[in-house]
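Participant: I'd like to ask you about the structure that follows.
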Amino acid sequence: MTTAMRLLCLLQLVCLVGCSDSRRREWAHHGAPMFADLTVREIKAVRAYLHGIPELDLTDARSKTLQKNSILLIELHLPKKHEALRALDRGQAKPQRQARVVIQFGKRTKPSITEYIVGPLPSPSSHVVKTFKGDRPIRFESRPITAAEYEHMHDILVKITTKAHKLLFETTGGFSFTDCSDRCLTFSDIAPRGLGPGERRTWIMLQKSVEGYFIHPVGFEVLVNHQDLDPEKWTVEKVWYNSKYFDSVEELVEKYESGDVERVKLPEHNDDDLYSTYIPRGHSNTPTNIHGPKLVEPQGPRYQVDHNFVEYSGWSFAYRVRSTAGLQVFDLRFNGERIAYEISLQEAIAFYAGDTPAAMQTKYIDAGWAMGSSTYELAPGIDCPEIATFVDLYHYFDTDKPVLHKNALCIFEMTTAMPLRRHFNSNFKGGYNFYGGLENTVLVLRTTSTVYNYDYIWDFLFYQNGVMEVKVSATGYIHATFFTPNGLHYGTKVYNYVLGNLHTHLIHYKVDLDIAGRENSFESLDLKFVNFTNPWSPSHFIVQSKLHKTEHKTERSAAFRFGKKFPRYVHFYNPNEKNKWGQQKGYRIQFNSHAHSVLPRGWREENGISWSRYPLAVTRHRESEATSSSIYTQNDPWEPVVSFEDYIRNNEDIVNQDLVAWVTVGFLHVPHSEDIPNTATPGNAVGFFLRPFNFFDEDPSLASRSTVIVRPGQDGKPKVQRWTPEVIGHCVTNKPFFYNGTYAGV
């Protein structure tokens, strides 16, 4: 072959690769809108369509009556994976957009909940019933609590506190629930709402209505049965005050008046000494007239955002924020190759312990509070850097029109102030042969959920070397109850009459990996000691570690239990695709977690969170196994609509299949005095990494032109080699880059 022919073939090959990359990027961009959250127009069209169907007999969700048919939720219904892939991988037409709708039928003789799939959008004309795996029915009592129900809860608390007005006024230092001016009481309600399926009984605790009221319990808790849709039939079943239980408010008041109940006297309230406020107090050693470091983008952002499609340093993905569960990314690619079809937050729980009835009942399962729709505004310079791209979100949950959450998601690139890699190559003579380094910048996709007292900061981070990190940071106020001496078994005294209750946070994610295609397998890697005769000194032995691989062929084999030994490496790979060195292309999941199980297996409420048995479980992809939890689990964890254990019970084959990893991370939180006024993020971040494992032929960040190499020149002066211009300016530094590299005694 002549040189000219070889050059022509090479040019054709380069063109094919370039055209292929361009086409893949075009298809990824083309498919991203499939995963975009519903627009305001789409939401309003769905609502209007359903309200126009006479037999549904729908009325406004915010009307005060509970005996009504109303829409609870409207959110995107995801397309089937195989249909979406036709658009993403072949550029074919996208499947029609659809909405998932939850309707409460409280006006029927037998109240019920039904889910519908409504479409096509933006002009819906049909609806079908959406069912759950095994056609499990949804109990009406398992529905999330709504604003209308809270109104009635407030009304019954007015009646309760009016009866106990004197007790509350005297023991709280002049606070009351009504006619209270600036000394009001408020309340927190506890879930699950009962002790078994079909119940709707809620423990409610009173607190002082001040900034940070979550840590101002007053020692009065009441159990309200609100199962009936006629609030006039609601009843008080128990009252707890100062470690004693009473069958009614009247009984407590009578014993309080007669002196048969030991009275609690809370310290006088002083606004100037409000321990739950953010107002600074104490001595600060930081200069107040000088700002701290700030992120800058000297020439503007290096990432692109087009609606819900994001590109950065080889990465591309689509995102959405599901109103029920929260942040999700789809069609995650690096250099055009798909790594994952879906990485999504599924559930967050906080299970507590305590001495008061409210504390011992608290088992929060946050999708039941629509944690995905509690995405409130992010503050520039605090929640996200000022340079971030801020995005508005829209939710439709327990409302009659879409709700705008301004600047509720942010995207930004940041430096980690840690090199991605570096090396100082010493010449061992007081100098060096070379220094090489690459700055570590990362793209962050962030949103938050404030589920009453707790704030979760949800991060997806994308590194230049093909690594993705999934992270949650916990902050906000602790869930505190009234201090009793016995409470010290279940937490820490953090203020007068305040017990910070111990609890475990668990977070669950779905990771639908597609490593070089959908046909993937899964193995774990560990080390075993081997002992053999030293070949170059036969009278001695060598003891060293040897790699031990275990291929997991079934779902049950790949479900790792908490309390059991967890493998050092968990590795997902494509048996049919190899890198340049003959290694099967793969990614591994690396945990950053201190999670453990929260209840014994099969113990009542644990049935609703059976995913929490496993730090990692691997299943075959099934459309009927789309989520690991539901909005109904919180109020019926005993017989849940979605049972994760069912996903692995059939023990399907997972060799060379489309696999989904279900990941549980978390930590134990024993509150302490430094949680006042509220919990700080350092040490309270957990998550996992997706790390390439022979997926590439070498580190893909070699493509970065931010590398700096320094070599000593012939004249002894450092010679700096760089591929991007040096930034000099008052925003960063007014000093040029300098590196000497010598070292000597002094």
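The values are calculated or read from the model by the stated rules, or taken from the named source; none is laboratory data. A quick note: this is a predicted structure, and the numbers were derived from the prediction, not measured. Cβ coordinates were reconstructed from backbone atoms using ideal geometry, including for glycine residues, and neighbour counts include every protein chain displayed. All accessible areas refer to the heavy atoms of the entire protein, side chains included, with ligands and DNA or RNA removed. Shrake-Rupley method; radii C 1.70, N 1.55, O 1.52, S 1.80 Å.
Participant: Give me the 1.4 Å probe accessible area per residue for segment 144-219, excluding ligands and nucleic acids, in Å².
Facilitator: Working: 2450 Å² over 76 residues.
The answer is 32 Å² per residue.
Participant: Over the Cα atoms, compute the radius of gyration (one decimal) and Dmax (the largest Cα-Cα distance, rounded to a whole number) for the chain, in Å.
Facilitator: 29.5, 110
Participant: Give me the net charge for the shell around LYS580: Cβ to Cβ below 14 angstrom, other residues only, Lys and Arg +1, Asp and Glu -1.
Facilitator: On the way: positive: LYS578, LYS585; negative: GLU577, ASP697, GLU698, ASP699.
Computed value for this residue: -2.
Participant: Moving to a separate point now. Given the Cα atoms of segment 301-455, and with Rh set as the inverse mean 1/r over their pairs in the Kirkwood sense, what is Rg to Rh to two decimals? Could you put the intermediate results ahead of the total?
Facilitator: On the way: Rg = 21.0 Å, Rh = 18.6 Å.
Ratio of gyration radius to Kirkwood radius: 1.13.
Participant: Can you give the accessible area of LYS549, probe radius 1.4 Å, in Å² rounded to 10?
Facilitator: 110 Å²
Participant: If you don't mind, there's one more thing I want to ask. First select every other residue whose beta carbon is under 10 angstrom from the beta carbon of ILE204; then total the charges, Lys and Arg +1, Asp and Glu -1. Each step should come with its number before you reach the end.
Facilitator: Details: positive: none; negative: ASP189, GLU221.
Around ILE204, the surrounding residues sum to -2.
Participant: For segment 147-258, I need the span (max minus min coordinate) of the C-alpha atoms along each principal axis, in Å, sorted largest to smallest.
Facilitator: 39, 34, 24
Participant: What number does segment 155-213 give for Rg over Rh if you use C-alpha atoms and the Kirkwood radius? Intermediate values should be presented prior to the final figure.
Facilitator: Values: Rg = 13.3 Å, Rh = 12.5 Å.
Rg divided by Rh gives 1.06.
Participant: What is the dipole size for the chain, taken about its Cα centre, with +1 at each Lys and Arg Cβ and -1 at each Asp and Glu Cβ, in debye to the nearest 20? The partial results should precede the final answer.
Facilitator: Details: 83 positive and 84 negative charges, 593 e Å.
About 2840 debye.
Participant: Which pairs in the list LYS546/LYS578; LYS80/LYS564; LYS81/LYS406; LYS528/LYS565; LYS208/LYS363 are over 25 Å apart, alpha-carbon to alpha-carbon? Write down the numbers at each step before the final one.
Facilitator: Numbers: LYS546/LYS578 23 Å; LYS80/LYS564 35 Å; LYS81/LYS406 31 Å; LYS528/LYS565 14 Å; LYS208/LYS363 23 Å.
Cα-Cα > 25 Å for LYS80/LYS564; LYS81/LYS406; rest within.
Participant: Now a separate question. Which value, to two decimals, describes the C-alpha radius of gyration of segment 259-342 once divided by 2.2 N^0.38 Å? Write out the running numbers ahead of the final one.
Facilitator: Values: Rg = 25.5 Å, N = 84, 2.2 N^0.38 = 11.8 Å.
Output field value: 2.15.
Participant: Continuing with the same structure: Between LEU668 and THR415, what length in nm is gained on full extension when 0.36 nm per residue of separation is reduced by their alpha carbon distance?
Facilitator: Numbers: separation 253, 0.36 × 253 = 91.08 nm, distance 2.99 nm.
Extending this stretch completely gives an extra 88.1 nm.
Participant: Rg/Rh for segment 308-379 to two decimals, with Rh computed the Kirkwood way over all alpha-carbon pairs. Display every interim value, and only then the final one.
Facilitator: Values: Rg = 17.3 Å, Rh = 14.5 Å.
Reported Rg/Rh (Cα atoms, Kirkwood Rh): 1.19.
Participant: Compute the distance from the alpha-carbon center of segment 294-362 to that of segment 111-140, in whole Å.
Facilitator: Cα centroid of segment 294-362 versus Cα centroid of segment 111-140: 26 Å apart.
Participant: With the cut-off at 1.5 for a/c, could you classify segment 105-166 from its C-alpha gyration tensor as rounded, prolate or oblate? Walk me through the numbers on the way to the answer.
Facilitator: Numbers: a/c = 3.80, a/b = 2.41, b/c = 1.57.
Here segment 105-166 falls in the prolate category.
Participant: What's the angle, to the nearest 10 degrees (0 to 90), between helix 81-90's Cα axis and the longest principal axis of the chain?
Facilitator: Roughly 30 degrees, rounded to the nearest 10.
Participant: Strictly greater than 14 Å: what percent of every Cα pair in segment 56-134 meets that?
Facilitator: Details: 2087 of 3081 pairs.
Of all Cα-Cα distances in segment 56-134, 68 percent exceed 14 Å.
Participant: Something else now. Classify segment 204-353 as rounded, prolate or oblate from the Cα gyration tensor: take a ≥ b ≥ c as the square roots of its eigenvalues, call it rounded if a/c is under 1.5, otherwise prolate when a/b beats b/c and oblate if not.
Facilitator: Oblate.
Participant: Here's another thing I want to ask about it. Which whole-number percent gives the relative contact order of the chain, counting Cα pairs below 8 Å spaced six or more residues apart? Please list the in-between numbers first.
Facilitator: Values: 1667 pairs, mean separation 90.2, N = 746.
Relative contact order of the chain: 12 percent.
Participant: Then there's this: What are the chymotrypsin sites (Phe, Trp or Tyr not before Pro) within segment 377-465 that DSSP puts in a loop, where the Cβ has at most 12 other Cβ atoms within 10 Å? The partial results should precede the final answer.
Facilitator: Numbers: sites: PHE390, TYR394, TYR396, PHE397, PHE412, PHE424, PHE428, TYR432, PHE434, TYR435, TYR452, TYR454, TYR456, TRP458, PHE460, PHE462, TYR463; in loops: TYR396, PHE428, TYR452.
Listed in order of number, the matching sites are PHE428.
Participant: Where a ≥ b ≥ c are the square roots of the eigenvalues of the C-alpha gyration tensor, would you call segment 617-674 rounded, which needs a/c under 1.5, or, failing that, prolate if a/b is larger than b/c, or oblate?
Facilitator: Numbers: a/c = 3.16, a/b = 1.63, b/c = 1.94.
Verdict is oblate for segment 617-674.
Participant: On a 0 to 90° scale, report how tilted helix 3-31 is relative to the longest principal axis of the chain, with both axes built from alpha carbons and the result rounded to the nearest 10.
Facilitator: Rounded to the nearest ten degrees, it is 10.
Participant: Within 14 Å, Cβ to Cβ, of THR114, how many net charges do the neighbouring residues add up to if Lys/Arg are +1 and Asp/Glu are -1? Please report the intermediate quantities before stating the final value.
Facilitator: Details: positive: ARG100, LYS107, ARG108, LYS110, LYS130, ARG136, ARG139, ARG143; negative: GLU55, ASP57, GLU115, ASP135.
In short, +4.
Participant: Can you tell me which aspartates and glutamates have their Cα less than 14 Å from the Cα of LYS471? Leave out same-chain residues fewer than eight positions away.
Facilitator: GLU347, ASP455, ASP459
Participant: Heavy atoms of the protein only, probe of 1.4 Å, neighbouring chains included. What is the accessible area of LYS233 in Å², nearest 10?
Facilitator: Here the accessible area works out near 130 Å².
Participant: On to the next question. At a 1.4 Å probe radius, carbon and sulfur cover how many percent of the accessible area of segment 17-130?
Facilitator: Working: 2670 of 5400 Å².
Roughly 50 percent, rounded to a whole number.
Participant: Leaving out ligands, DNA and RNA, what percent of the accessible area of segment 462-586 is carbon and sulfur, probe 1.4 Å? Provide the component values of the computation, followed by the final result.
Facilitator: Details: 3050 of 5930 Å².
On segment 462-586, the fraction of accessible area on carbon and sulfur atoms equals 51 percent.
Participant: To continue, here is another question. Which percent, to the nearest 5, of DSSP beta bridges fully inside segment 17-130 are antiparallel? Write down the numbers at each step before the final one.
Facilitator: Details: 20 of 21 bridges.
Taking every DSSP beta bridge within segment 17-130, about 95 percent pair in antiparallel fashion.
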